[in-house]
Amino acid sequence: MSTIDPRDRLRRRPWFLPALRGTMWTLSGVVVFVIAFVLAAYPFEDNAWALGLVAIPILLVVAVGITDANTEAPARKARYPWPFLLWMLGLWATSTGVGLLLGRAWSAMPVSDAESEVSGGTLIVLGVVFLLAGIALSAAAIVLRERRGRRARRARSVELTGPRVPAVVTEVGRHRGDDTVRLWNITLRFTDSHGTDRWHRAVHHRALPVGSRRWIRYDPDKPGRRSTLFVEWENRV
């Protein structure tokens, strides 16, 4: 038993989780590189053991995702799922490309044999394709991650300090979902700073009477964006 909240331990060591994630990402790429290198450098030898390493990078990537399972940071949440998956595929493709190219350069295959020359050329082409695809996927992951991160930070800012306007409940209907929990689709109408009437539909655990009023916060730059619309259900107008 400990007298210290485990979450406080992590707050006291903010470097720990980034270092852990970086280590696991690096090990994941290294293992994929080793697999590609061995298969390319020693194609005619008994190297089936290398394929047995495939589970290691998969488990490492899953472990990286687990470190963010309970995160409340908007920037971390914005990394899932697509930036995370693109980065994973980009890292593995890049590692595979480098492994194939270096494995072909290391290979002791006799280049005088015509079949070996064709095989070697195929490995080089595959290595270049994997390398370029990995770089492209990694770049796309970074761009998408930064874009979603900015949007998440903006949403958080709007939720806390965005302009607040009254909204009127115009429609209430039963939400079609899990029958074990009664949820309701609530449609609200509000007027933005430009004088435009807008409607927003959200799911709530309690049915509100039509005509009742609640506060709603929105992004004045993009008042129609659903991800930056926040209803204050407990605060009546």
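Observations, loosely collected:
- Flag if Val158 is part of a helix (DSSP H, G or I), crowded, with 17+ Cβ neighbours inside 10 Å and either on the phi > 0 side of the Ramachandran plot or touching a strand residue (DSSP E or B) at 6+ places or on another chain (Cβ under 8 Å) (or both): yes
- Test: Asp46 is at pLDDT 75 or above and either acidic (Asp, Glu) or outside the structural domain of Gly127 (by TED's automatic domain parsing) (or both): no
- Residues in the range 48-73 that are more than 18 Å from Phe33 (Cα to Cα) and part of a helix (DSSP H, G or I): Val62, Ala63, Val64, Gly65, Ile66.
- When each of Arg206, Arg176, Arg189 is tested for being at pLDDT below 90 and over 30 Å from Ala73 (Cβ atoms), the lone residue that passes is Arg176.
- Subset of the range 193-207 (residues that are surrounded by 16 or more Cβ atoms within 10 Å (Cβ to Cβ) and closer than 15 Å to Pro166 by Cα): Arg198, His200
- Criterion applied to Ala40, Ala69 was being surrounded by 14 or more Cβ atoms within 10 Å (Cβ to Cβ) and either of a type outside the set (Phe, Trp, Tyr) or in contact with a helix residue (DSSP H, G or I) (Cβ under 9 Å, 6 or more places away or on another chain) (or both), and the one residue passing it is Ala40.
The values are calculated or read from the model by the stated rules, or taken from the named source; none is laboratory data. Remember, predicted model here, so these are calculated numbers, not experimental data. Cβ coordinates were reconstructed from backbone atoms using ideal geometry, including for glycine residues, and neighbour counts include every protein chain displayed.
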